[in-house]
Each structure stands twice: as C-alpha cells, then as structure tokens.
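In what follows, a structure is listed as structure tokens, so that the remarks can point back to it.
The values are calculated or read from the model by the stated rules, or taken from the named source; none is laboratory data. Everything quoted here is computed from the prediction, not taken from an experiment. So basically every Cβ, Gly included, is an ideal-geometry build from the backbone, and we count neighbours across all protein chains shown. For the accessible areas, the whole protein counts, side chains as well, though only heavy atoms, and no ligand, DNA or RNA atoms are used. Shrake-Rupley method; radii C 1.70, N 1.55, O 1.52, S 1.80 Å.
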Amino acid sequence: MGEIISHNGVVSRVEANTVTVCVQQKSACAGCHAAGYCSSADCKDRYITVTGASPDIHVGDEVILEGHSAMGRLAVFLSFVLPLILLILLLVLTLSMLGLSEGMGTLISLGGMGVYYLILRLFNGKLSRRLVFTIRKNNQ
C-alpha cells in the first residue's frame, strides 16, 4: 500500500483515547555544521494527536509515528498544490475574462483562498479520518 513515512517524537499528553506527540521539525540545513551561525537553520515543535493508541504509552515516552506516503501526498496537494492552482485560475479569470483591474483581481483571488481554506476547515473531520498516524514505542 505504499511507502511508510515515520517520525520520532516524545509523548507530551495522554488522554482517554488520544495521545499527543511532540515531533521536532527541522529544516533541511539544521544538521549543517554551520547551522549555529546561519539564520535559516530552524527547528519547530509540531504536535500531532493520535487516536486509539496503546494503553502502555505514557507521557515522556519516545515513540515513532507512522503513516503512508500517500497520506503525505494528499496533505501537500490539499494544502499547497490545489490552492496555488485555484489562486492562479481565479487571477486569470478575473483579469482576462471579467476584465477587472489587477488590484481587484488580486483581492478576489485572495478572498477565494480564504473561502477555500474555510471549506477545507469544514471538512476537517472527514479529512482527519483519512490522514491517520499510527504510534508505537521506540525500542532503541
């Protein structure tokens, strides 16, 4: 069913049926020997909630989050590719077909992005059932 992607993380919260895992997201150059001197090297903590986790997982445990690569491709498509296509399409439509000014075309295109992300937010529950991580303890 495709390649598995995995991320190491630390459990930050355990509730009834959910586990929240802190994953440190590093930029491509964060591991560089000059990262301490460069302003582009950054690290950010991301929190991912996993439902239906094993009961033997506790706060502070090192775990591995796993998901299918198709899940990542879907997330990138919905978050970046489709909005870019929609933005360009709206801009071309407003400028060439409707004959509006560049400023008005830009405002309509950006408004379309707001509507798109609002619709995406409304489908959050449906998407969260498709974008599922599994969790297992990191047995080093």
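Note on segment 77-140: with neighbouring protein chains present and a 1.4 Å probe, carbon and sulfur make up 71 percent of its accessible heavy-atom surface. The figure for residue 62 is an accessible area of roughly 100 square angstrom, using a 1.4 Å probe on the protein chains alone. Taken over segment 43-91, the percentage of Cα pairs per 5 Å bin, counting from 0 up to the bin with the maximum distance, is 4, 13, 17, 18, 14, 12, 9, 5, 4, 3, 0. Remark: relative contact order (segment 43-140) = 52 percent; criterion is Cα-Cα distance under 8 angstrom and separation of 6 or more residues.
A Förster radius of 25 Å combined with the Cβ-Cβ distance from residue 13 to residue 113 puts the calculated FRET efficiency at roughly 0.20. For segment 36-140, the spread of Cα coordinates along the three principal axes comes to 62, 43, 21 Å, biggest extent given first.
For segment 65-127, the solvent-accessible area with a 1.4 angstrom probe is 67 square angstrom per residue. So if R0 is 22 Å, what FRET efficiency would residue 81 and residue 122 give, r being the distance between their Cβ atoms, rounded to the nearest 0.05? Efficiency at R0 = 22 Å is approximately 0.65.
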